[in-house]
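Novice: Here it is, the structure in full.
The values are calculated or read from the model by the stated rules, or taken from the named source; none is laboratory data. Everything quoted here is computed from the prediction, not taken from an experiment. In this analysis, Cβ positions are derived from the backbone assuming ideal geometry, glycine residues included, and neighbour counts consider all displayed protein chains. Note: areas computed on protein heavy atoms with side chains; ligands, DNA, RNA excluded. Shrake-Rupley method; radii C 1.70, N 1.55, O 1.52, S 1.80 Å.
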Amino acid sequence: MVDLQMLTQKKLSISMHLLGWVLFMSLPILFMSEWYRGESMFQLVKSPYYWLFFSCYALVFYLNTTVLFPLLFLEKKYFGYSLALLFLFTGILLLKPFDKLVSEKMSRQQGFEESSAEGPRPHPGENPPPMWPPEDRIHEDRPPGLGAENGGKPPGRMNQRRFDIISVFLYFFTIALGVALETAKRWRLSEQRTAQAETQRAKAELYILKAQINPHFLFNTLNNIYGLSVLQHPETPASILRLSNMLRYLTEETTSDFVPLEDELNCLNDFIALQKLRMGKKMEVHVTTKVADDSFPVPPLVLMTFVENAFKFGTSNHEPADITIHIAQENDSLRFFCSNKLFPNRTNLEGTQTGLDNTNKRLGFLYGDRHQLDISTENGHFTVLLTLPKHTV
């Protein structure tokens, strides 16, 4: 459903781009239609200056929207963005695409009028009529003010060094339009991502209640705590407190998109302690943490998902097992590493694939493409390497 919606939006976007460029390419034809005195408009379309006009602004539009705006402006490299726009502006000033298009048309129109005004060709032996009036008539026929500055040259051969205001206006219009469209597009994607995140969070909360607080784990933990209480073991009160803290965290603290890293680690430590209590000496768990900021925001129970899978598929009732967990947070990122041995009778990972897929989608909604998740099953070990950037509001 999502793929179909994305395909429809892409087709609509392409159609709108094509329609916009067709309208843009028709502007010179509409603007210069009065100049075609019996001449076909296809002459304009075949002109190289017509395609130079179109290519200049198409290049400016897509270079700005696909490269300069996302890679420079959105990354707060304003000086580089301004320098790039100044470079493109200089190119427009030098090329003068609209001025060259109009000048080429005027030149061809003037040539057509001059050839029509020449009259019949002279008979053999006759001298051809002069191309221009005698010198003494030039100043008589010339309009007032068209004298010394034109040097007595024919009309249409005046100095072409003039400012192409239309090309400059179209340049700034193209830049402004591209920025507006990209801003609206990214705002729309942000709204869609927020709506999807809300939906995914509701699904994640349901998954948490079904998968993380599963009856198997609760029954085993309660049975272990009951056995400790019968033996009056000193770990009994601590085990009850750990289970209580976990249930409180799972049911109350996970309603937010992000929680402090300290809370997530406390829940992980309680979960690991209860699992070690259940497995006894057959289980070796190596946990190392290096945290610079306890308040670093992380999605609740994302780390728990991978640790729970490690205990689910990395333990055996007949063989010793070990699980290695490394958590390092520094600067603006968090690195989580978890590895466990895969036993031959517990290599079917289909039961946990749904949970991993949901977690990966949830990370995508929260971080976009800024996070990195690598999962491998090489060398008989199930390994997870997760890197999370710092979330900023």
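Novice: Filter region 236-261 down to residues that are in a helix (DSSP H, G or I) and touching a strand residue (DSSP E or B) at 6+ places or on another chain (Cβ under 8 Å) and give me whichever is farthest from THR199 (Cα to Cα). Spell out the reasoning first.
Specialist: Kept after step one, since they are in a helix (DSSP H, G or I), are these residues of region 236-261: 236-255, 261.
If we keep only those that are touching a strand residue (DSSP E or B) at 6+ places or on another chain (Cβ under 8 Å) as well, we get 253, 261.
On the way: GLU253: 18, LEU261: 24 Å.
Taking the candidates together, the pick is LEU261.
Novice: Using beta carbons and a limit of 7 Å, which pairs, at least six apart or on different chains, have the first residue in region 8-36 and under 22 Å from TYR49 (Cα atoms) and the second one modelled with pLDDT under 75 and in a loop (DSSP other than H, G, I, E, B)?
Specialist: So the pair list comes out as ILE29/MET41.
Novice: Would region 269-287 turn up any residue that is within 36 Å of the chain's Cα centre (by Cα) and under 13 Å from PHE336 (Cβ atoms)?
Specialist: Start the filter on region 269-287 by keeping residues that are within 36 Å of the chain's Cα centre (by Cα), which leaves none.
Scanning region 269-287, I find no residue that is within 36 Å of the chain's Cα centre (by Cα) and under 13 Å from PHE336 (Cβ atoms), so the answer is no.
Novice: Would you say ALA184 is modelled with pLDDT of 85 or more, farther than 17 Å from LEU243 by Cβ and part of a helix (DSSP H, G or I)?
Specialist: Answer is yes for this residue.
Okay, residues lined up against (1) open to solvent by less than 20 Å² (accessible area, probe 1.4 Å); (2) free of Cβ contacts under 8 Å to residues at least 24 places away in the same chain:
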{"residue": "ASN245", "(1), (2)": "no, no"}
{"residue": "GLU252", "(1), (2)": "no, yes"}
{"residue": "ILE272", "(1), (2)": "yes, no"}
{"residue": "MET304", "(1), (2)": "yes, no"}
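Novice: Taking only pairs six or more apart or across chains, which ones have beta-carbon atoms under 7 Å, a first residue in region 373-393 that is over 29 Å from ASP293 (Cβ atoms), and a second residue that is open to solvent by 30 Å² or more (accessible area, probe 1.4 Å) and charged (D, E, K, R)?
Specialist: GLY380/LYS341; HIS381/LYS341
Novice: Here's another thing I want to ask about it. Only one residue in GLU284, GLU264 is at pLDDT 85 or above, in a helix (DSSP H, G or I), within 24 Å of ARG242 (Cα to Cα) and among the charged types (D, E, K, R), so which one is that?
Specialist: Values: GLU284 fails: in a helix (DSSP H, G or I).
The match here is GLU264.
Novice: Same structure again: Just the residues that are within 14 Å of LEU363 (Cβ to Cβ) and assigned to a strand (DSSP E or B), please, taken from region 297-332. Before the answer, list the steps.
Specialist: First, pick out the residues of region 297-332 that are within 14 Å of LEU363 (Cβ to Cβ): 297-306.
Residues satisfying the conditions are PRO297, VAL298.
Novice: So, one more: Could you check region 219-243 and list, in sequence order, the residues that are under 48 Å from the mean Cα position of the chain (by Cα) and surrounded by fewer than 14 Cβ atoms within 10 Å (Cβ to Cβ)? Working first, answer last.
Specialist: To start, the set of residues in region 219-243 that are under 48 Å from the mean Cα position of the chain (by Cα) comprises 219-221, 239-243.
Those that are under 48 Å from the mean Cα position of the chain (by Cα) and surrounded by fewer than 14 Cβ atoms within 10 Å (Cβ to Cβ): PHE219, LEU241.
Novice: Of all residues in region 298-323, count the ones that are modelled with pLDDT of 85 or more, touching a strand residue (DSSP E or B) at 6+ places or on another chain (Cβ under 7 Å) and not hydrophobic (A, V, I, L, M, F, W, C).
Specialist: Here the count works out to 2.
Novice: Among what's in region 252-268 and is aliphatic (A, V, I, L, M) and farther than 16 Å from THR324 by Cα, pick the residue that is nearest to the chain's Cα centre (by Cα). Break it down stepwise before answering.
Specialist: We begin by selecting, within region 252-268, every residue aliphatic (A, V, I, L, M); these are 259, 261, 265, 268.
Within this subset, residues satisfying the condition of being farther than 16 Å from THR324 by Cα are 259, 261.
Details: VAL259: 26, LEU261: 28 Å.
Among those residues, the one meeting the criterion is VAL259.
Novice: For region 343-393, give me each residue that is modelled with pLDDT under 85, open to solvent by less than 30 Å² (accessible area, probe 1.4 Å) and over 13 Å from VAL302 (Cα atoms).
Specialist: The answer is PHE343, THR352, GLY368.
Novice: Still on this structure, I have one more. Among the residues of region 280-296, which ones are surrounded by fewer than 19 Cβ atoms within 10 Å (Cβ to Cβ) and touching a helix residue (DSSP H, G or I) at 6+ places or on another chain (Cβ under 8 Å)? Before you say what the answer is, go through the steps one by one.
Specialist: Quick first cut of region 280-296, residues surrounded by fewer than 19 Cβ atoms within 10 Å (Cβ to Cβ) only: 280-282, 284, 286-295.
Matches in region 280-296: VAL287, THR289, VAL291, ASP293, ASP294, SER295.
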